[in-house]
Amino acid sequence: MSLKLQGYIDLPVNRQAAGFDHAAVHSGSSRLYVAHTSNDAIDVIDCAANQFLFSIPHLIGVAGTLVSEEHGLIFTSNRGEDTVGIFQVYNEQNVKKSKLEFAPTDLPLTQSADFCLQPMLATLTFQTPIRFLLWMLNAAR
């Protein structure tokens with residue numbers, strides 16, 4: 001299989017040097033959620049129309065997104081403010097944040113229709129306990 005360039009989509013200009021990080025697609029809405037780390041925002045792209053829609057601001061140090069297709073939920077990993085953001089597709093401006101003890105390092109390892117498991121790792125030493133967050137998706141609504 002080979003890839004063929006279909007075009008370009010302009011996104012907002014970087015405000016800092018950090019650039020972009022992880023992205024995820026919600027296939028039911030054809031929306032791509034891109035972590036625009038340098039702007040502390042998620043950029044939302046309509047993949048069906050090949051156009052930038054809007055940015056979701058105030059996600060300090062956002063490092064990635066995870067989509068729960070079944071629940072229409074988007075999770076963000078916001079390292080700069082030690083939070084995980086949760087919002088619904090088509091209601092992106094209503095972000096609920098959950099404060100953590102330290103910066104989330106990655107997106108969930110495991111996901112099902114009812115839960116996702118996210119590693120919570122600080123700077124690791126041999127004495128550092130490894131913690132996980134268990135997000136119950138039905139409760140997140």
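The values are calculated or read from the model by the stated rules, or taken from the named source; none is laboratory data. None of these values were measured; they are calculated from a predicted model. Quick reminder, even Gly has a Cβ in these numbers, built from the backbone with ideal geometry, and neighbours come from all protein chains shown.
Looking at Ile74, Ile60, Ile56, Ile42, just one residue is hydrophobic (A, V, I, L, M, F, W, C), in contact with an Asp or Glu (Cβ under 8 Å, 6 or more places away or on another chain) and farther than 14 Å from Glu92 by Cα, and that residue is Ile60. Taking residues in the stretch 89-111 that are buried (at least 18 other Cβ atoms within 10 Å of the Cβ), and partners anywhere that are at pLDDT below 60 and assigned to a strand (DSSP E or B), the pairs with Cβ atoms closer than 6 Å and at least 6 places apart or on different chains are Pro108/Cys116; Pro108/Leu117; Pro108/Gln118. Of the residues making up the stretch 1-49, those that are part of a loop (DSSP other than H, G, I, E, B) and aliphatic (A, V, I, L, M) are Met1, Leu3, Leu5, Ile9, Leu11, Val13, Ala17, Ala18, Ala48, Ala49. Inspect all residues belonging to the stretch 58-73 and state whether any of them is surrounded by fewer than 18 Cβ atoms within 10 Å (Cβ to Cβ) and closer than 18 Å to Pro12 by Cα. Yes; the residues of the stretch 58-73 include at least one that is surrounded by fewer than 18 Cβ atoms within 10 Å (Cβ to Cβ) and closer than 18 Å to Pro12 by Cα. Within the stretch 1-53, the residues that satisfy the criterion of being aromatic (Phe, Trp, Tyr) and without any contact (Cβ under 8 Å) to a residue 40 or more places away in the chain are Tyr8, Phe20. State which residue is surrounded by the fewest Cβ atoms within 10 Å (Cβ to Cβ) when the search covers only the stretch 1-35 and only residues that are modelled with pLDDT of 85 or more and of a type in the set (Phe, Trp, Tyr). Among residues in the stretch 1-35 that are modelled with pLDDT of 85 or more and of a type in the set (Phe, Trp, Tyr), the one surrounded by the fewest Cβ atoms within 10 Å (Cβ to Cβ) is Tyr8.
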